[in-house]
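Data block below; observations after.
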Amino acid sequence: RELKLRNYDPEDEELKKRKVPQAKPASVEDKVKDQLEAAKPEPIIEEVDLANLAPRKPDWDLKRDVAKKLEKLEKRTQRAIAELIRERLKGQEEELASAVGSAKQEGSDSD
């Protein structure tokens, strides 16, 4: 084995040749700078479209849950409207029939 002197400072010239030169500490500043640069988040998207980020309307889930009930109510409403229209038409037909009947009676009296 070869003798390597790291911490011992010999006085003999022949032993001084075997002394290991002192190690210089590595620059920590460069490593720290590299790590800090790596830790910085790089912006992936420079411009953000706010319309795409906007959440849905706050009541969208309520509308979804109530949709089936609203369909039933819509059908019932349409039926009720149709029934009311029929009743009005029957009332108008009766009025029309009575008006026609009264006109016939007036016409037959005048003849």
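Laboratory data are not the source of any read-out in this text; all were calculated from the coordinates shown. Just so it is clear, the structure is predicted and the values come from calculations on it, not from any experiment. Ideal geometry is used to build each Cβ from the backbone, glycine not excepted, and the neighbour counts take in all protein chains shown.
Some observations on this one:
- Each residue of segment 19-25 was assigned a 3J(HN,Hα) from its phi angle through the Karplus curve 6.51 cos²θ - 1.76 cosθ + 1.60 (θ = phi - 60°); the sequence is 6, 7, x, 5, 7, 8, x Hz, with glycine and proline shown as x.
- Close amide H pairs (under 5 Å, H built 1.01 Å from N) link residue 5 with 19, 20, residues at least 5 positions away or on another chain.
- HN-Hα J in Hz across segment 83-92 - Karplus 6.51, -1.76, 1.60, θ = phi - 60°, x for Gly and Pro: 5, 4, 5, 4, 4, 5, 4, 5, x, 5
- A simple charge model with +1 on the Cβ of Lys and Arg, -1 on the Cβ of Asp and Glu and nothing else charged puts the dipole of segment 60-106 at about 440 debye relative to its Cα centre.
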